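Enquirer: First the structure, which I've put down as structure tokens, then a few questions once you've had a look.
The values are calculated or read from the model by the stated rules, or taken from the named source; none is laboratory data. Computed from a prediction, not measured in an experiment: that's the story for all the values here. Backbone-built Cβ (ideal geometry, glycine too); neighbour counts: all protein chains shown. With ligands, DNA and RNA removed, areas are computed over all heavy atoms of the protein, side chains included. Shrake-Rupley method; radii C 1.70, N 1.55, O 1.52, S 1.80 Å.
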Amino acid sequence: MFELIFLFIMIGYFAQTVLFIIGAKKKFPRITDDKLPTATIIVAARNEEDNILRTLESLEKLDYPDGKLQILIVDDQSTDSTGKIIDDFIKDKLHFKKITTEEHHTKLIGKMRALAYAIKEATGEIIMTTDADCEVKPQWAKTVCSFYEDNVAIVTGITTQTAGKWFDGMQAIDFVYLLTAGAGTTNLKMPVSCIGNNMSYRKSVYDEVGGYEKLPHSVTEDFTLMNAIYNLKKYKVIFPVESDTLVTSVPCKTLRSLISQKKRWGVGGLGVPFRGFVIMFWGFTANLLVLLTPFFYSQIWLVLAVFKIALDFFLLYPVHIKLGIEKNLKYFFHFEIYYIFYVILLPFIVLPHRKLTWKGREY
């Protein structure tokens, strides 16, 4: 009986994985360099003195047509030396500008407020966002914006993390796994996820949905905006998987901070459409049954458990090759163990207590 249940779950998990792969492989037309739109890059920073210089240096190296790129760095009431680092770096760089938020200027709180501040001052047709702990590639802006044909409203991309040891490596692979699933569903016109540190959208369409002021508060403001634009049913929302659009962030340093990150994503994920819960169901049940394999051991049970793990690798391997980060796959089994446990435990972390503390603020 249990073996039949496991077989049924694995069939669903297999079908879902195949859909992710099909969607993630989708190609999109691109415009030529002479038709690239004006763009504004926004970085919201709060107490990022350890990371922001790396981000600023990578942004300075961006290759984009002269006069078409604006970079706004938002110091969101930092209490460390983040503001001074920004000031010192941008003082002789005309296309950089620093913005400082005020505590009660709008009804918005947290990152949504910082982004809304900057968007009001943005001059670009395209808004691009990344985080103050991220490094972008020199061709990032040009490649992302090359996908903006007239009917495209959002272009988003994959983020990984620096992987110097197993704890970092499993997080790096986790990012790629989740965002490959996001790419697959988005490109099949069923978006369920994106990430704000590698996201872009038309400013005119952002204004059309009313901006963040008109959207419900969320700790995952990126997907809230994506879903609002998708629901207009007027524009394309795409998620190309390209090496030049890859962003690299800094992994959580401790288990406590990692749990906090996953809880924040989990709380934000409660607002996903029904299709998102379907995906969560297959992931939760498949990983639960793999965890239970030693207790219900049989040859068929073991084969199905191995099949599930092989499916994950089959999804991840070509994406890592395409992104040029295949060296991270040496941490695949670390990721698999971590993934099995956190997917099962996450509902029990999120559902009983949904209050969050992030960057020193409570939500």
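Enquirer: Between Tyr317, Tyr331, which is farther than 20 Å from Phe6 by Cα and in contact with a Phe, Trp or Tyr (Cβ under 6 Å, 6 or more places away or on another chain)?
Expert: Values: Tyr317 fails: in contact with a Phe, Trp or Tyr (Cβ under 6 Å, 6 or more places away or on another chain).
One residue alone meets the criteria, Tyr331.
Enquirer: Shifting gears a bit: Would a scan of the range 25-34 turn up a residue that is open to solvent by less than 50 Å² (accessible area, probe 1.4 Å) and under 30 Å from Arg275 (Cα atoms)?
Expert: yes
Enquirer: Right, something else. Can you tell which of Leu246, Leu225 is among the aliphatic types (A, V, I, L, M), modelled with pLDDT under 95 and open to solvent by less than 20 Å² (accessible area, probe 1.4 Å)?
Expert: Numbers: Leu246 fails: modelled with pLDDT under 95.
After ruling out the rest, the residue left standing is Leu225.
Enquirer: Go through (1) loosely packed, with under 13 Cβ neighbours inside 10 Å; (2) at pLDDT 95 or above one by one and return the number of the condition Val43 breaks.
Expert: Condition (1) is where Val43 drops out.
Enquirer: Checking Trp166 against (1) open to solvent by 20 Å² or more (accessible area, probe 1.4 Å); (2) modelled with pLDDT under 95; (3) within 30 Å of Ile337 (Cβ to Cβ), only one condition comes out false. Which one?
Expert: (2)
Enquirer: Looking at (1) surrounded by fewer than 24 Cβ atoms within 10 Å (Cβ to Cβ); (2) out of contact with any Pro (no Cβ under 8 Å at 6 or more places or on another chain); (3) not polar (S, T, N, Q), which one does Ala141 not meet, given that it meets all the others?
Expert: (1)
Enquirer: Identify, from the list Gly266, Gly283, the residue that is in contact with a helix residue (DSSP H, G or I) (Cβ under 9 Å, 6 or more places away or on another chain), of a type outside the set (A, V, I, L, M), modelled with pLDDT under 90 and surrounded by 14 or more Cβ atoms within 10 Å (Cβ to Cβ). If you could, list the steps in order and put the result at the bottom.
Expert: Values: Gly283 fails: modelled with pLDDT under 90.
The conditions single out Gly266.
Enquirer: Follow-up. Scan the range 285-321 for residues that are under 21 Å from Leu346 (Cβ atoms) and outside any helix (DSSP H, G or I) and report the count.
Expert: Selection size over the range 285-321: 1.
Enquirer: Here's something else I'd like to know. Quick one: which residue in Thr79, Thr55 is modelled with pLDDT of 95 or more and either hydroxyl-bearing (Ser, Thr, Tyr) or open to solvent by 50 Å² or more (accessible area, probe 1.4 Å) (or both)? Break it down into steps so the answer makes sense when it comes.
Expert: On the way: Thr79 fails: modelled with pLDDT of 95 or more.
On inspection, the qualifying residue turns out to be Thr55.
Enquirer: A further question on this structure: Here are the criteria: (1) open to solvent by 40 Å² or more (accessible area, probe 1.4 Å); (2) closer than 30 Å to Lys26 by Cα; (3) touching a residue at least 12 places away in the same chain (Cβ under 8 Å). Tell me which single one Val319 does not satisfy.
Expert: (1)
Enquirer: Contact list please: Cβ distance under 8 Å, first residue in the range 1-24 and farther than 16 Å from Gln299 by Cβ, second residue small (Gly, Ala, Ser) and open to solvent by 10 Å² or more (accessible area, probe 1.4 Å), pairs at least six apart or on different chains.
Expert: Close Cβ pairs satisfying both conditions: Phe20/Ala181.
Enquirer: Among the residues of the range 212-237, which ones are in contact with a helix residue (DSSP H, G or I) (Cβ under 6 Å, 6 or more places away or on another chain), within 23 Å of Gly110 (Cβ to Cβ) and not charged (D, E, K, R)?
Expert: The answer is Tyr212, Leu215, Ser218, Val219, Thr220, Ile229.
Enquirer: Further, regarding this structure: Does Ala183 fit the bill of being of a type in the set (A, V, I, L, M) and under 26 Å from Tyr317 (Cα atoms)? Break it down stepwise before answering.
Expert: On the way: of a type in the set (A, V, I, L, M): yes; under 26 Å from Tyr317 (Cα atoms): yes.
For Ala183, the condition - of a type in the set (A, V, I, L, M) and under 26 Å from Tyr317 (Cα atoms) - is met.
Enquirer: While we're looking at this one, here's another question. Given the options Asp63, Asp92, name the one that is at pLDDT 95 or above, part of a loop (DSSP other than H, G, I, E, B) and acidic (Asp, Glu). First the steps, then the outcome.
Expert: Details: Asp92 fails: at pLDDT 95 or above.
None of the other options fit; the residue is Asp63.
Enquirer: Additional query: Working only within the range 42-68, note down all residues that are more than 18 Å from Ala141 (Cβ to Cβ) and among the acidic types (Asp, Glu).
Expert: Glu48, Glu49, Asp50
Enquirer: For the range 180-194, give me each residue that is in a loop (DSSP other than H, G, I, E, B) and either open to solvent by less than 20 Å² (accessible area, probe 1.4 Å) or not aliphatic (A, V, I, L, M) (or both). Step through it out loud before you land on a result.
Expert: Kept after step one, since they are in a loop (DSSP other than H, G, I, E, B), are these residues of the range 180-194: 188-194.
Lys189, Pro191, Ser193, Cys194 - these are the residues of the range 180-194 that are in a loop (DSSP other than H, G, I, E, B) and either open to solvent by less than 20 Å² (accessible area, probe 1.4 Å) or not aliphatic (A, V, I, L, M) (or both).
Enquirer: Within the range 101-131, work out how many residues are modelled with pLDDT of 95 or more and small (Gly, Ala, Ser).
Expert: So the answer is 2.
Enquirer: Which residues, counting only those in the range 67-76, are surrounded by 15 or more Cβ atoms within 10 Å (Cβ to Cβ) and either outside any loop (DSSP other than H, G, I, E, B) or at pLDDT below 95 (or both)?
Expert: The initial filter retains those residues of the range 67-76 that are surrounded by 15 or more Cβ atoms within 10 Å (Cβ to Cβ), namely 68-76.
Once the filter is applied, which keeps residues that are surrounded by 15 or more Cβ atoms within 10 Å (Cβ to Cβ) and either outside any loop (DSSP other than H, G, I, E, B) or at pLDDT below 95 (or both), the range 67-76 yields Leu69, Gln70, Ile71, Leu72, Ile73, Val74, Asp75, Asp76.
Enquirer: Scan the range 291-315 for residues that are touching a residue at least 24 places away in the same chain (Cβ under 8 Å), open to solvent by less than 20 Å² (accessible area, probe 1.4 Å) and either among the β-branched types (Val, Ile, Thr) or under 18 Å from Ile173 (Cβ atoms) (or both) and report the count.
Expert: 4
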